[in-house]
Amino acid sequence: MDIVSIIITYSYILYTYVGCFLIIVSLQTQLPIIGKIINKIMKYESIYLIIMGLIHGLTNLGGSLLTAIIYNKNLSKDKSRATIAVCYLTFALFQIIILFFLIDKSDIIFFDYVIYWLVGAGIFIIIEKQFYEKVDNQKYLMLYQIFLLVSGLLLVTF
């Protein structure tokens, strides 16, 4: 069995662990004991980030773990969003650089990627105007917490 087959076969285990972790992180406000445990884990942020990178490379779940660490930092909605944006930009740049060296350039259809960028920008503008600007910091944190909980539940159940 090659490494890719092993990763695919056992990735559901990582999905379950990440899902459970997201559920636990989402409950830290309601259960202070969980908050204390999560804070102890986050003291080892470098190790967490390495594990996050490995999991992202294997399963593409790095964004979920990034969201969890940002939530734990109790940043304002603007700082949370900016931090996540910079991290996703870093993820994307590394992924693009790696893909540039690994794939056949003739497989790249530029128009397909332009469509993704335009759709992404359009969704951003709609969400920005219709939702983000109207949500205060307290409601944002509550929605963030719900997002983590639902994401965790979905990962555990599917």
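The values are calculated or read from the model by the stated rules, or taken from the named source; none is laboratory data. Please read all numbers here as calculations on a predicted model, not as lab measurements. When we count neighbours, we look across all protein chains shown, and the Cβ atoms used for this are built from the backbone with ideal geometry, even at glycine.
Can you tell me how many residues within region 21-72 are touching a residue at least 60 places away in the same chain (Cβ under 8 Å) and of a type in the set (S, T, Y)?
Residues flagged as touching a residue at least 60 places away in the same chain (Cβ under 8 Å) and of a type in the set (S, T, Y) within region 21-72 amount to 5.
Can you name every residue in region 1-52 that is assigned to a helix (DSSP H, G or I) and among the polar types (S, T, N, Q)?
Kept after step one, since they are assigned to a helix (DSSP H, G or I), are these residues of region 1-52: 3-26, 32-42, 45-52.
Scanning region 1-52 gives S5, T9, S11, T16, S26, N39, S46.
If V135 passes every condition in (1) at pLDDT 85 or above; (2) within 20 Å of the chain's Cα centre (by Cα); (3) farther than 18 Å from L66 by Cβ but one, which one does it miss?
Of (1) at pLDDT 85 or above; (2) within 20 Å of the chain's Cα centre (by Cα); (3) farther than 18 Å from L66 by Cβ, only one is false for V135: (2).
Hey, among the residues in region 51-83 that are at pLDDT 85 or above and of a type in the set (V, I, T), which one's farthest from F147 (Cα to Cα)?
Ranking the candidates gives I51 first.
Among the small types (G, A, S), surrounded by 13 or more Cβ atoms within 10 Å (Cβ to Cβ) and closer than 18 Å to L148 by Cα: does that describe S11? Walk me through it before giving the result.
Values: among the small types (G, A, S): yes; surrounded by 13 or more Cβ atoms within 10 Å (Cβ to Cβ): yes; closer than 18 Å to L148 by Cα: no.
When the stated conditions are applied, S11 does not pass them.
Just to be sure I understand, how many residues within region 53-65 are over 13 Å from G19 (Cα atoms) and buried (at least 18 other Cβ atoms within 10 Å of the Cβ)?
The total comes to 1.
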